[in-house]
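What follows is a single structure, written as structure tokens, with notes after it.
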Amino acid sequence: PSQKPVSAGSAVNNISKSSKRMEGWKNLISGTIDAIRGVDFDEGISHLNDSIKILCEVDDIIGLGIAYGNLGECYLKKGEFLLAQSYLECGETYTILSNDCATHLEILRNKLLVVMSENHAFDITAEKIEDEMLLLLNKVTDKTELMQVYNTLATASIYKYNKEKAKEYLEIVTDMTEGNLEYELYTCINTAA
């Protein structure tokens, strides 16, 4: 079967779009490392904003979901909850469009932390977010994401004085976190609480 020849202009456009996408992801990754891991918060935020501009140009909805979600997490860690909520909402929209359940779950986890920081785990919005998280759990296999989510759910249960539910989540996550110092510590702190 004969294939329709690709025009030179179309080929150049594809290469240009691919190159822009790589630049967008490079900014996304370096911004995430700098801002979320505390290397250089302001530089990281700048890289994340640059990645969003570039990824919008190439219509990369997966990258946009991650970038907005990470930007939201940055502002959550900085204690700027209104900005965090705004970026997390944007990221959630893109993760739903792209069906990126792992990133969606991460965004929901951060949204729950925002609500608990501003209000309390008993808040109706917190309850709705928890329900959404529970619905997504079976669609995600990323162990790192699941470790964070179960620990966050355990934290919410502890805040609500629901020892049984907290114990249930901690039993699930204890085996997962073994050998991962950061999350094992998070699990130990939750268990002690």
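One residue is enough: does segment 132-139 have a residue meeting the conditions under 19 Å from Thr187 (Cβ atoms) and either part of a loop (DSSP other than H, G, I, E, B) or touching a Ser or Thr at 6+ places or on another chain (Cβ under 7 Å) (or both)?
Within segment 132-139, none of the residues are under 19 Å from Thr187 (Cβ atoms) and either part of a loop (DSSP other than H, G, I, E, B) or touching a Ser or Thr at 6+ places or on another chain (Cβ under 7 Å) (or both).
Any residue in segment 156-182 that's exposed (fewer than 15 other Cβ atoms within 10 Å of the Cβ): show its pairings with residues that are part of a helix (DSSP H, G or I) and charged (D, E, K, R) at Cβ separation under 7 Å, as long as the two are six or more apart or on different chains.
Glu178/Glu184
Consider Glu164 carefully, then state whether it is at pLDDT 90 or above and closer than 21 Å to Ala35 by Cα.
Numbers: at pLDDT 90 or above: yes; closer than 21 Å to Ala35 by Cα: no.
For Glu164, the condition - at pLDDT 90 or above and closer than 21 Å to Ala35 by Cα - is not met.
Only one of (1) at pLDDT 95 or above; (2) farther than 20 Å from Lys128 by Cβ; (3) open to solvent by 50 Å² or more (accessible area, probe 1.4 Å); (4) out of contact with any Ser or Thr (no Cβ under 9 Å at 6 or more places or on another chain) is not met by Lys26, so which one is it?
Every listed condition holds for Lys26 apart from (4).
Answer with yes or no whether Ala121 is open to solvent by less than 20 Å² (accessible area, probe 1.4 Å) and modelled with pLDDT under 95.
Working: open to solvent by less than 20 Å² (accessible area, probe 1.4 Å): yes; modelled with pLDDT under 95: yes.
Judged against the criteria, Ala121 is a match.
For segment 170-193: of the residues being part of a helix (DSSP H, G or I) and acidic (Asp, Glu), which is nearest to Thr141 (Cα to Cα)?
This residue is Asp175.
Could you grab me the full set of residues in segment 54-91 that are open to solvent by less than 20 Å² (accessible area, probe 1.4 Å), acidic (Asp, Glu) and more than 9 Å from the chain's Cα centre (by Cα)?
Once the filter is applied, which keeps residues that are open to solvent by less than 20 Å² (accessible area, probe 1.4 Å), acidic (Asp, Glu) and more than 9 Å from the chain's Cα centre (by Cα), segment 54-91 yields only Asp60.
In segment 97-117, what residues are open to solvent by 50 Å² or more (accessible area, probe 1.4 Å) and touching a residue at least 24 places away in the same chain (Cβ under 8 Å)?
Taking segment 97-117 and keeping what is open to solvent by 50 Å² or more (accessible area, probe 1.4 Å), we get 97, 99, 117.
Correct list: Leu97, Ser117.
Kindly establish whether Asp42 is in a loop (DSSP other than H, G, I, E, B), exposed (fewer than 15 other Cβ atoms within 10 Å of the Cβ) and either charged (D, E, K, R) or in contact with a Leu (Cβ under 7 Å, 6 or more places away or on another chain) (or both). Spell out the reasoning first.
Values: in a loop (DSSP other than H, G, I, E, B): no; exposed (fewer than 15 other Cβ atoms within 10 Å of the Cβ): yes; either charged (D, E, K, R) or in contact with a Leu (Cβ under 7 Å, 6 or more places away or on another chain) (or both): yes.
It is false that Asp42 is in a loop (DSSP other than H, G, I, E, B), exposed (fewer than 15 other Cβ atoms within 10 Å of the Cβ) and either charged (D, E, K, R) or in contact with a Leu (Cβ under 7 Å, 6 or more places away or on another chain) (or both).
Looking at Leu146, Leu136, Leu185 in this structure, which one is in contact with a Cys (Cβ under 8 Å, 6 or more places away or on another chain) and of a type outside the set (Phe, Trp, Tyr)?
Working: Leu146 fails: in contact with a Cys (Cβ under 8 Å, 6 or more places away or on another chain); Leu185 fails: in contact with a Cys (Cβ under 8 Å, 6 or more places away or on another chain).
Result of the check over Leu146, Leu136, Leu185: Leu136.
For segment 148-164, indicate whether the set of residues that are under 23 Å from Thr125 (Cβ atoms), out of contact with any helix residue (DSSP H, G or I) (no Cβ under 9 Å at 6 or more places or on another chain) and either part of a helix (DSSP H, G or I) or hydroxyl-bearing (Ser, Thr, Tyr) (or both) is non-empty.
yes
Just to be sure, is Lys143 open to solvent by 50 Å² or more (accessible area, probe 1.4 Å) and either under 22 Å from Asp42 (Cα atoms) or touching a Leu at 6+ places or on another chain (Cβ under 6 Å) (or both)?
Working: open to solvent by 50 Å² or more (accessible area, probe 1.4 Å): yes; either under 22 Å from Asp42 (Cα atoms) or touching a Leu at 6+ places or on another chain (Cβ under 6 Å) (or both): no.
So Lys143 fails the test.
The values are calculated or read from the model by the stated rules, or taken from the named source; none is laboratory data. This one's a predicted model, so the numbers in the text were calculated from it and none came from an experiment. With ideal geometry, Cβ positions are generated from the backbone for all residues, glycine too; neighbour counts draw on all protein chains shown. Heavy atoms of the whole protein, side chains included, go into the accessibility calculation; ligands, DNA and RNA do not. Shrake-Rupley method; radii C 1.70, N 1.55, O 1.52, S 1.80 Å.
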